[in-house]
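Following: one structure in structure tokens, then a few remarks.
The values are calculated or read from the model by the stated rules, or taken from the named source; none is laboratory data. What you see is a predicted model; the values in this text were computed from it and never measured. Reconstructed Cβ throughout: ideal geometry from the backbone, glycine too, with neighbour counts over all protein chains shown. The area values use the complete protein model at the heavy-atom level, side chains included, leaving out ligands, DNA and RNA. Shrake-Rupley method; radii C 1.70, N 1.55, O 1.52, S 1.80 Å.
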Amino acid sequence: MILKKALNNNVVLAEEEDAQEVIATGNGIAFNLKPGDTIDERKITKLFVVKTQDLSTKLADLLKDVKMECIEIADEIVEYARPRLAGDISDYIYLALIDHISFAIERHDRGTPFENRFLWEIKRFYREEFAIGKHALEMIRNRINITFDENEAGFIALHFVNARLDNQKLDLTLKTSRVIKDIMDIVKYHFNVEFDEDSWNYNRFVTHLKFFAQRLFAHESADPQYMNLFEDLKIKFPEEHRCVQKIGVYVNKQFEQKLTNDEMMYLMIHISRLVNRTEN
């Protein structure tokens, strides 16, 4: 492996025998070397095979300015996460995590915590990623003796969500999560209840709300089929109907759309099951 450029004493841009460009890290890996020299591969602790010039440039710019411990921690987190998450994870996860961990440490040292506005959604809808985020906090604490709260676990989780989705899908996912939370809050405060988040009815309602939100964003509505049943349910479930009317006001205010009778009917059925805890 030949040195192309030393980014700092611990990070180098190098070229392998097959002319593949890589970024290698390791304590003192560039010490006393100049371009064209052979790198002592025993000093390499992490090798980044950069598949695009864009990633190579961004990663090189980032790595030359961060502490070695941030690179090592990020690498440990990614290695822990890969077998636990289905599907491909973009190599940009290294860029995101290294940058985030470095900035989080700076914020900690300055005493300026940062609130994660999507923590509720992340904990409930991205449980695998959030579990990885919480484990990542243990890795950070064990390595550098800094204890972060759940906000940082949520940020780390979101980086993994982002690494598995393109930006457009991530934006839609976050907007969908916000709609679900808002509607859940309407139901929660209308009936003054706490939800059993492990119950079948809770998860069934969340699934319904995900599709409901997608229809909202696509300006679609459920096909009208059950007008007579809707009128019957209004009488059978008057409190659920009043709750759904509140949801209708929210939807109209936020999205300038009106709930169809069928949408209201489906919501009433799900809400009745949820608040009455009937598993059928």
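In table form, for the structure just shown:
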| read-out | value |
| --- | --- |
| Rounded to 10°, Cα long-axis angle of helix 200-217 versus longest principal axis of the chain | 80 degrees |
| Residues whose placed amide H lies under 5 Å from that of K67, excluding near-sequence neighbours | none |
| Of K34/K67; K123/K210; K58/K123; K181/K210; K123/K181, pairs whose Cα-Cα distance is over 20 Å | K34/K67; K58/K123 |
| Candidate residues F237, F230: accessible-area rank, largest first, probe 1.4 Å | F237, F230 |
| Other-chain or far-sequence residues with amide H under 5 Å of Q257's (modelled H) | N252 |
| Most to least packed among 126-139, 150-163, 103-116 [average Cβ atoms within 10 Å] | 150-163, 126-139, 103-116 |
| The range 88-94 - phi-based ³J(HN,Hα) in whole Hz, Karplus 6.51/-1.76/1.60, Gly and Pro as x | 6, 10, 4, 5, 5, 4, 5 |
| Where labels lie 7 Å past Cα in the beta-carbon direction, separation of K175 and A131 in nm | 3.1 nm |
| Simple label model, 7 Å out from Cα along Cβ direction - N8 to N252, nm | 5.8 nm |
| Shape call, the chain: gyration tensor on alpha carbons, a/c limit 1.5 | prolate |
| Listed peptides 256-269, 23-36 by packing density, highest first (mean Cβ within 10 Å) | 256-269, 23-36 |
| Between 0 and 90°, nearest 10: helix 261-276 axis offset from the chain longest Cα axis | 80 degrees |
| Placed amide H near K46: partners under 5 Å, 5+ positions off or other chain | T25 |
